[in-house]
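The values are calculated or read from the model by the stated rules, or taken from the named source; none is laboratory data. From a predicted model like this one, the values you see are computed outputs, not experimental measurements. Neighbour counts run over all protein chains shown; Cβ positions are idealised from the backbone, glycine included.
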Amino acid sequence: MKVVYLDNNATTAIAPEVFEAMTPYLTAQYANPSSQYSFAHSVREAVETSRESIATSLKIKSSELIFTGSGTESANLAIKGVAYAYRSRGNHIITSEIEHPCVLESCKALEKEGFEVTYLPVNKEGEISIEALKSAITDKTILISIMFANNEIGAIQPIKKIGDIAREHKILFHVDAVQSVGKMPVFPKELNVDLLGFAAHKFYGPKGIGGLYIRNGVRLEKYISGGHQERNRRPGTESAANVVGMAKALELCINTMVEEGEKERELRDYLETELTKRIPECFINAKNSNRIPGTSSITFKYVEGESILLSLDMYGICVSSGSACSAGDLAASHVILGIGVPIEEAQGTIRFGVGKYNTREDIDKVIEVMPKAIEKLRMMSPLYNVK
Amino acid sequence: MYSEKVIDHFQNPRNVGIIENPDGYGKIGNPSCGDIMEIYLRINGSHIIEDAKFRTFGCASAIATSSIATELIKGKDIHEALKVTNKVVIESLDGLPPKKVHCSIMAEEAIQAAILDYATKNSIKVNVETCHSHTCGGCCSK
């Protein structure tokens, strides 16, 4: 059975060009980039050329970019690293209710250590209120952490406005840009962002590597003990293959960003139009917000998400209910609840993530299969009035 | 993640639907937990369950446990049917992932609730030990 992969917010396929670029560093050029002999020089050079290339794409200096093991690690390092380094200045952090678990859990961990965290609510389009942000700021606020685009609903936050406020109050601003880098222009300096994290596997690069922009001058306390790699901020031998892969993947995305965005938006809109036309009592979450092009979150009333997901799985269609990170949980998504969907309806939410390898045929398959699958589940549901 | 049997009962659920004027009816769970299970019973004069139907809102394993539960109790006398515990449900499905065990507890409780409804209406004494306060295997108490 042909796999119809529509979960590109969870992860993406490695682009063939990326795989090709990585191969030498998984085979012949295996030296540790930190080693001193000539054999290692080309590996170090590949790491630094890649750093330069990614930095150029983000319009930052290469000295402001470090490599980590994942988007999650980037967020942990940014939030905890800043919190520990600036503890003497204050203990207050502001974030939003709909952040990825890597941000929310980092904040919760800090709360246990005496930090205070304000979780800003969002409106039904998934956006925080600038006024609420302003009034949450105290003289103890050291960090604001707000995601660029939400992983479940795709809503883009007013990052520039937040950055301006943070800068005005001399508060550091961290942005989890895992769902944005590679999909839209992201220039942290123009947005007054001080720290910004991303992950290669969300844009057709390898898994196991993240990046973190740290503006020059920002202090960060590392929390992994070890050597002095990555400007003494992230110990551990760099994976040259992953670094090269990330740089190649970003380069490819930047080159085709406009056309890809258009294509994904078109496919997503087609999917949303057809599904809402064919299936009664379903609605698109954060529909009127400024969304990243490939993301669609749809709530189907009277049915539960996992049963929808598995019904589609029978036809080789890959989607997610909530995010892959919360798929092990039984609770409804905090993001869908956060935008005000009632809990009993939130359970029936499916996230589609359209990516660059999707075709109109993929969407047609969903359009063909899904109305029947929903109808079958509704006929079983005591919440659905079948009479 | 799921056994073939769970997938089979999810894809081809047995005994879906309702029974008009049932002799026994039980409903467990609530939508905010993500599961609701309803069981309808037709019971004859000898207290034998002649027919059982279900409707479930929930995940694949909630649907599968309801389906197998109705199969397991059909043809049984009510006292025998009460021996269909969550363990029996799990075994009959060749196992459930740990996070889905609560679905089997719901199935057991739905059976008990439906039989208790019949027993109460007909002044029959039945031995039901589990309390029904954990209507969704404990997820509500979180």
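Descriptive notes on the structure:
- Any pair with Cβ under 8 angstrom, 6 or more apart, that starts in the stretch A:6-25 at a residue that is at negative phi and ends at one that is in a helix (DSSP H, G or I) and among the β-branched types (Val, Ile, Thr): A:Leu6/A:Val366; A:Ala21/A:Val244; A:Met22/A:Val244; A:Tyr25/A:Val43; A:Tyr25/A:Val244
- Against the criterion of being within 13 Å of the chain's Cα centre (by Cα) and within 14 Å of chain A (Cβ to nearest Cβ), B:Ile90 does not qualify.
- Only one of A:Thr12, A:Thr23, A:Thr49, A:Thr56 that is within 27 Å of the chain's Cα centre (by Cα), buried (at least 17 other Cβ atoms within 10 Å of the Cβ) and of a type in the set (Val, Ile, Thr): A:Thr12
- Criterion violated by B:Tyr118 - all others in (1) within 30 Å of A:Ile336 (Cα to Cα); (2) modelled with pLDDT of 95 or more satisfied: (1)
- Filter pass, A:Glu251 being among the acidic types (Asp, Glu) and closer than 14 Å to A:Leu65 by Cα: no
- Among the residues making up the stretch A:35-68, those that are under 26 Å from A:Glu190 (Cα atoms) and in a loop (DSSP other than H, G, I, E, B) are A:Lys59, A:Ile60, A:Lys61.
- Identity of the residue in the stretch A:360-385, of a type in the set (A, V, I, L, M) and more than 32 Å from the chain's Cα centre (by Cα), that ends up farthest from the other protein chains (Cβ to nearest Cβ): A:Met379
- Conditions (1) assigned to a helix (DSSP H, G or I); (2) away from chain A (no Cβ under 14 Å); (3) within 25 Å of A:Leu383 (Cβ to Cβ); (4) of a type outside the set (Val, Ile, Thr); number of the one not met by B:Ala113: (2)
- When A:Lys170 is tested against (1) on the phi > 0 side of the Ramachandran plot; (2) assigned to a strand (DSSP E or B), just one condition goes unmet, and that condition is (2).
- Test: A:Leu271 is surrounded by 23 or more Cβ atoms within 10 Å (Cβ to Cβ), part of a helix (DSSP H, G or I), aliphatic (A, V, I, L, M) and touching a residue at least 40 places away in the same chain (Cβ under 8 Å): yes
- Inter-residue pairs, beta-carbon under 7 Å, first over 30 Å from B:Ile19 (Cα atoms) and surrounded by fewer than 19 Cβ atoms within 10 Å (Cβ to Cβ) and in the stretch A:353-382, second at pLDDT 95 or above and basic (Lys, Arg), 6+ apart: A:Ile367/A:Arg278
- In the stretch A:315-325, residue nearest to A:Val178 (Cα to Cα) [restricted to those that are at pLDDT below 95 and within 12 Å of chain B (Cβ to nearest Cβ)]: A:Gly322
- Test: residue in the stretch B:65-76 that is in a loop (DSSP other than H, G, I, E, B), of a type in the set (Gly, Ala, Ser), away from chain A (no Cβ under 14 Å) and more than 14 Å from the chain's Cα centre (by Cα): yes
- Of the residues contained in the stretch B:6-22, none is found to be buried (at least 18 other Cβ atoms within 10 Å of the Cβ), in contact (Cβ under 8 Å) with a residue 24 or more places away in the chain, within 13 Å of another protein chain (Cβ to nearest Cβ) and within 18 Å of A:Glu345 (Cα to Cα).
- Qualifying residue in the stretch B:36-57 (condition: at pLDDT 95 or above, within 26 Å of A:Glu375 (Cβ to Cβ) and away from chain A (no Cβ under 11 Å)): yes
- Test for A:Arg231: is it of a type outside the set (A, V, I, L, M), touching a Pro at 6+ places or on another chain (Cβ under 8 Å) and assigned to a helix (DSSP H, G or I): no
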